[in-house]
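Worksheet: the structure to be examined is printed underneath.
The values are calculated or read from the model by the stated rules, or taken from the named source; none is laboratory data. Remember, it's a predicted structure, so these values are computed and weren't measured experimentally. No Cβ is skipped: glycine too gets one built from the backbone with ideal geometry, and neighbour counts run over all protein chains shown. Areas reflect the complete protein model, heavy atoms only, side chains present, ligands, DNA and RNA absent. Shrake-Rupley method; radii C 1.70, N 1.55, O 1.52, S 1.80 Å.
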Amino acid sequence: MSQLSNYPTAPVGRGQCQTIDLTGKIAQIDGHWQPRVVAEMNDYQFKVVKVEGEFQWHRHADTDEAFIVLEGELHIDFRAGPAGDGSIVLGAGQMVVVPKGVEHKPCASAEVKLLLIEPRGVVNTGDGAAGARTVENDQWI
């Protein structure tokens, strides 16, 4: 079992001026839907995560959210997006920005490895009530 190095606050350097091995960082994560911070830029965090199965419908009223697929295939369903209801499929090397306020639900039929970019303090399950998939913020790896 891998051990995560969690810091209550950002480590010295916040991942700046150093090489960050995204593949190596993701390999340290046990379980799915457990995003871990690998770097910060201004008020934004770069998070790696493994996902599999369905997440919950949620939205972030005050911020956009970027999903970058490193490995696998990610499906994201949307409600009331810029083009109405719909869905997209992302493969390795592809990304999407989900606009603030758009309700969305990521899902993956097999394990997917992602890089997320979002402002510090954003709750992974959105603006609604905390649930089983809600993860504590600022967990560094």
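Points worth noting:
- Taking the Cα centre of the chain as reference, the dipole from Cβ charges on Lys and Arg (+1) and Asp and Glu (-1) amounts to some 180 debye.
- Length-normalised contact order of the chain in % [C-alpha pairs under 8 Å, at least 6 apart]: 31
- Accessible surface, per residue, of the chain when the full set of protein chains is kept, probe 1.4 Å, Å²: 53
- Under the simplified labelling scheme, the R133-D43 pair shows an inter-label distance of 2.6 nm, with each label point 7 Å from Cα along Cα→Cβ.
- Binned Cα-Cα distance frequencies in the range 86-141 - 5 Å width, integer %: 4, 11, 26, 25, 24, 10, 1
- Computed over the chain, the Cα gyration tensor eigenvalues convert (square root of 5λ each) into semi-axes of 24, 17, 14 Å, ordered from largest to smallest.
- Carbon + sulfur, % of accessible area of the range 70-141 - ligands and nucleic acids excluded, 1.4 Å: 50
- Stretching D30 away from W57 to a fully extended chain increases their span by 7.4 nm, per 0.36 nm per residue minus the current alpha-carbon distance.
- Here K50 is the anchor, and the lysines within straight C-alpha reach of less than 20 Å, apart from those fewer than 8 places off in the same chain, are K25, K105, K113.
- Summary: within the chain, the longest segment free of trypsin sites (Lys or Arg not before Pro) located in DSSP loops with at most 15 other C-beta atoms within 10 Å is 1-99.
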